[in-house]
2 protein chains.
Amino acid sequence: MNEIKTIAFDADDTLWVNEPIFTNTRLRFEELLANYISQESLENELYNVERRNLSLFGYGIKGFMLSMIETAIELTDGKVSGAHLQQVIDMGKEMLAHPVHLLPGVEETVLQLKEDYNVVMITKGDLFDQENKIARSGIAQHFGWIEIVSEKDEASYQEVFHKYQVDADSFLMVGNSLKSDILPICNLGARAIHIPFHDTWQHELIADLDYDAVFKTAKKITEVPRILAQY
Amino acid sequence: MNEIKTIAFDADDTLWVNEPIFTNTRLRFEELLANYISQESLENELYNVERRNLSLFGYGIKGFMLSMIETAIELTDGKVSGAHLQQVIDMGKEMLAHPVHLLPGVEETVLQLKEDYNVVMITKGDLFDQENKIARSGIAQHFGWIEIVSEKDEASYQEVFHKYQVDADSFLMVGNSLKSDILPICNLGARAIHIPFHDTWQHELIADLDYDAVFKTAKKITEVPRILAQY
């Protein structure tokens, strides 16, 4: 294989905290509706509604807000009060304005890698939302380019490779999601480093490693430079 | 000025119908809540809520859905029923799945211009939404590149110019919004052709032409090739 030239970082839960903000809101949503419905049925139904709406809404907080509202209406047979639904909207707005907390060691690692590689960012989700987070992260200026995509699969990575004239065999992706950051990349013949995060949305989970993708695993981002040396 | 090399088209209400879909939904929303509130106060309040939410939601149908829900809750003091709010969500989903109707002459004009220019698309809005519309438009393959931006102002156009190595003085933009498609482009020293559309969201309106931007105006897209010859 060729020498690695471009290192791409996923953003949510790789560079900064994201899923815990959703998890926290899910808990608050369950508390809010505790008088109407049990926690468990709410959790299951919210996930069902989210999945059902994914093909229309895509990823992101606004779609999540709409799915919470729809779940609340559905499970209460329309009895949920307007005041409660306004609280759901307000919880979503808090998420949208939530401060961006970088994970430990992110900035130093990116700066270190930048000396030897073209360091870039590929993040999935709502354009407006991701742009806001990138701007507020304080580290946008360290990245050669930043690409926001609506889905991370082989086709969308190939488009990005084409757009930036990147060869798969000189490209390495670092991310927390096997499904979005690691497998499609390995399938395209590029390399990847997986950094598991403690909190993963069930939609991003993969049941079993029933594939032969070859990637390395890091416990935290600061290990990436050392692992790169082994490639 | 240099020869024009790149012609960029705005998409919504330049290549295909968009604002009438919003207008139609606003009317249905007013009908739905006619028992609670007068049409006029609803219309004004919805626009106020939309503007207030713009900095958190950005442009697009999901944000519009959330603003309709918030407006309905606010103006009815939380009395709006869950069933009615579900209808609001369903109206939004219909918008998201709405067929893409090309405006007359679009495909023939793009194909004609493609012979002499790099024809591209720059559209503003929700990433997932816009990608879906682009895919369903059936004309995506005619464009050299397509860029979806969250805002159309001088800074975002400059980023696009930088990304695609475009010189402002060899660039021409075609679009229906003076605010988004014409003025920032003229301010950057590029050229523009304005094609007014009969239905424009009030947020995109500009009170007066109190600027000295120089652009041409076309009645319809099929006039663009002839107007280009005059530049």
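Within the shell defined by Cβ-Cβ distances under 12 Å, the residues around A:T23 carry a net charge of -3, with Lys and Arg each +1 and Asp and Glu each -1.
A crude spin-label estimate for the pair B:Q112 and A:E159, with each label 7 Å from Cα along the Cβ direction, gives 2.9 nm.
Projecting label points 7 angstrom from Cα along Cα→Cβ for A:D167 and B:R226 puts them 5.1 nm apart.
Rounded to the nearest 20, the size of the Cβ-charge dipole of the range B:91-231 about its Cα centre is 380 debye, with Lys and Arg at +1 and Asp and Glu at -1. Against chain B, whose longest principal axis comes from its Cα atoms, helix B:61-75 is set at around 30 degrees. Taking only the C-alpha atoms of the range A:103-210, Rg followed by Dmax gives 13.9, 38 Å.
Taking other C-beta atoms within 10 Å as the exposure proxy, A:M91, B:M1 rank B:M1, A:M91 from fewest upward.
In sequence order, the range A:155-163 has phi-based couplings of 4, 6, 5, 4, 4, 5, 4, 5, 4 Hz under the Karplus curve 6.51 cos²θ - 1.76 cosθ + 1.60, θ = phi - 60°, and Gly or Pro positions carry x. The long axis of helix A:19-32 is offset from the longest Cα principal axis of chain A by roughly 10 degrees.
By the Stokes-Einstein formula, at 1.306 mPa s and 10 °C, the protein assembly as shown with its Kirkwood radius over alpha-carbon pairs has D equal to 66 µm²/s. When the Cα atoms of the range A:19-96 are aligned to their principal axes, the ranges along those axes come out at 29, 24, 21 Å in descending order.
Please figure out what share of the DSSP beta bridges in the protein assembly as shown is antiparallel and state it in percent, rounded to the nearest 5. For the protein assembly as shown, the DSSP antiparallel bridge percentage is about 5. The P(r) of chain A has a tail past 29 Å containing 32 percent of all C-alpha pairs. Taking every DSSP beta bridge that has both ends in chain B, the antiparallel portion is near 5%. Amide H contacts of B:A218: B:H194, B:I195, each under 5 Å away and 5 or more positions distant or on a separate chain (H built 1.01 Å from N in the peptide plane; Pro and chain starts excluded). Only helices enter the 222 nm calculation for chain A: every DSSP H run of n ≥ 4 contributes -39,500 (n - 2.57), and dividing by all residues gives -14000 deg cm²/dmol, rounded to 500.
With K and R counted +1 and D and E -1, the other residues having a Cβ less than 14 Å from that of A:K114 yield a net charge of -3. Axis of helix B:127-137 versus longest Cα principal axis of chain B: the two differ by about 70°, to the nearest ten degrees. Report the local net charge at A:H142: Lys and Arg +1, Asp and Glu -1, summed over other residues whose C-beta lies under 14 Å from its C-beta. Computed value for this residue: -3. Label sites at A:R136 and A:Y47, each approximated as a point 7 angstrom past Cα along Cα to Cβ, lie 2.8 nm apart.
Among B:L127, B:H194, B:F57, flag the residue with its Cα farthest along the positive direction of the charge dipole of chain B, charges on Cβ as +1 for Lys/Arg and -1 for Asp/Glu. Comparing the listed Cα positions along the dipole, B:L127 ranks first. Across the range A:1-144, the relative contact order, built from alpha-carbon pairs under 8 Å that are at least six residues apart, equals 37 percent.
If you plug the beta carbon distance of A:H203 and B:N2 into 1/(1 + (r/R0)^6) with R0 = 56 Å, you get a FRET efficiency near 0.70. Available extension along the chain between B:V214 and B:L27 is 63.7 nm, counting 0.36 nm per residue and deducting the alpha carbon span. For the range B:1-44 versus the range A:145-208, the spacing of their alpha-carbon centroids is 36 Å.
All of the numbers you see were taken from the coordinates with simple rules; none came from a lab. Just so it is clear, the structure is predicted and the values come from calculations on it, not from any experiment. FYI the Cβ positions are ideal-geometry reconstructions off the backbone, even for glycines, and counts take in every protein chain you see.
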